[in-house]
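Down below is the structure, laid out as structure tokens.
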Amino acid sequence: MDSEYIKIFGGNSTESNRIEQLLRKNDITPIVKSESESARLAGFGTPLPHISEIYVHKDEENKALELISRLDWEE
């Protein structure tokens, strides 16, 4: 099955929260997948806590990546 969504980011939850806010502010609705949150809800642990992945619709990939590339991580 071919997905209409593509992963554009994987990293810690602090960075992914910042990217999620940036995308939403620019009318892109991301899907955030948190393995640690999924594991917690299921009653399990995870070897990689606080790691999140962000997916966007394929049609929004270029715009999302352009926005992310402009982020100043030193702020």
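The set of residues from the stretch 4-16 being open to solvent by less than 80 Å² (accessible area, probe 1.4 Å) and either assigned to a helix (DSSP H, G or I) or over 17 Å from Asn62 (Cβ atoms) (or both) comprises Gly10, Gly11, Asn12, Ser13, Glu15, Ser16. Looking only at residues of the stretch 37-74 that are of a type in the set (Gly, Ala, Ser), in contact with a helix residue (DSSP H, G or I) (Cβ under 8 Å, 6 or more places away or on another chain) and surrounded by 15 or more Cβ atoms within 10 Å (Cβ to Cβ), we find that the one that is modelled with the lowest pLDDT is Ser52.
Scanning the stretch 19-31 for residues that are crowded, with 16+ Cβ neighbours inside 10 Å and assigned to a helix (DSSP H, G or I) yields Ile19, Glu20, Leu22, Leu23.
Look at the stretch 51-74: where a residue is within 12 Å of Ile19 (Cα to Cα) and a partner is open to solvent by 70 Å² or more (accessible area, probe 1.4 Å) and among the aliphatic types (A, V, I, L, M), sitting 6+ places away or on another chain with Cβ atoms under 8 Å, you get Ile54/Ile31; Tyr55/Ile31; Val56/Ile31.
The values are calculated or read from the model by the stated rules, or taken from the named source; none is laboratory data. As the structure is a prediction and not an experimental result, all values here were calculated from the model. Ideal geometry is used to build each Cβ from the backbone, glycine not excepted, and the neighbour counts take in all protein chains shown. Side chains are part of the model used for accessible areas, which takes the heavy atoms of the whole protein and leaves out ligands, DNA and RNA. Shrake-Rupley method; radii C 1.70, N 1.55, O 1.52, S 1.80 Å.
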